[in-house]
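Below is one structure; the comments refer to it alone.
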Amino acid sequence: MIFNYEYKCKLENFTRLIKFDDIKILDFGCGKGIWSVNQVKNESKVKKILLYDKNKILLNYLKEKYKFNKFEISSDLEEILKKDYNVIIFSSVIQYLDPNELRLLIGNLTHNKKKILVLIIDIPFLPRYLEFLLMPFFNIKRFIFSLSLFFSNDYKKIKYFTYKKEDFKIYENKFKINYFKNLHDLKVLRYSLLLEKID
């Protein structure tokens, strides 16, 4: 498993952006998980978090880490599409999805959902190698982790995509778009955005 960077999100960073009283999150491409079980337990607005990752090797790890009943875990996308959620989070995932794949995925995941938010976190906009050279000035821990990836043959084979803000204009007819400072731990070199479905 090459993506083993440990990062814990602050749940209030998400809940302050989400105006729903009952928050049901789909964490798409969850990896090893960014959630603190204690924070989720204590946040009454968060009713459940569906953790989805296609990497089946992660399932046992996630089931052990997230035993609390607000969490559901799956590697079956068809099963996930049938579940009830009103917030989709892509955290450190978008760089591994090409723009057409992302557009289809967002379309499928938001289809038939009237009130839904899509939160995309940790969006890279600089070329990978330039970002890598700048990273030690902004986050040394993440730089050290990225250094290990750069020497991994498995990682070199993975396609990597960057996204400028203009790339999201194609969503303007279906979503209201808000851009803001990154919610992940790489504040300057990446950004986040919120897509709010238009009724």
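The values are calculated or read from the model by the stated rules, or taken from the named source; none is laboratory data. The model shown is predicted, which means the values in this text are computed figures rather than measured ones. A quick note on method: Cβ atoms are made from the backbone with ideal geometry, for glycine too, and the neighbour counts reach across all protein chains shown. Remember, those area values only see protein heavy atoms, side chains included, never the ligands or the DNA or RNA. Shrake-Rupley method; radii C 1.70, N 1.55, O 1.52, S 1.80 Å.
A few remarks follow.
- Bridges between two residues of the stretch 58-199, per DSSP, are antiparallel at a rate of about 70%.
- Positive minus negative residues near Asn139 (Lys, Arg vs Asp, Glu; Cβ under 12 Å): +1
- Entry note, the stretch 92-171: relative contact order of 46 percent, from Cα contacts under 8 Å with a spacing of 6+ residues.
- Whichever aspartates and glutamates have a C-alpha closer than 12 Å to that of Lys45, once near sequence neighbours (fewer than 8 apart) are set aside: Glu12, Asp21, Asp22
- Violating pairs (Cα-Cα greater than 23 angstrom) within the set Lys63/Lys114; Lys41/Lys83; Lys63/Lys187; Lys10/Lys174; Lys32/Lys187: Lys63/Lys114; Lys63/Lys187; Lys10/Lys174
- By the rule of a C-alpha distance below 14 Å, with chain neighbours fewer than 8 residues away ignored, the aspartates and glutamates paired with Lys24 are Glu43, Glu72, Asp84.
- Probing with 1.4 Å while keeping every protein chain in the model, the per residue accessible area of the chain equals 55 Å².
- Listed by chain and number, the aspartates and glutamates whose C-alpha is less than 14 Å from the C-alpha of Lys197, apart from same-chain residues fewer than 8 away, are Glu172.
- With Cα atoms defining each centre, the stretch 107-138 and the stretch 148-192 are spaced 3 Å apart in the structure.
- Our summary gives the stretch 31-136 a relative contact order of 23 percent, counting only alpha carbon pairs under 8 angstrom and 6 or more residues apart.
- Considering only Tyr160, Gly31, Phe68, the residue lying farthest towards the positive end of the dipole of the stretch 27-168 is Phe68, judged by Cα position with unit charges set on Cβ.
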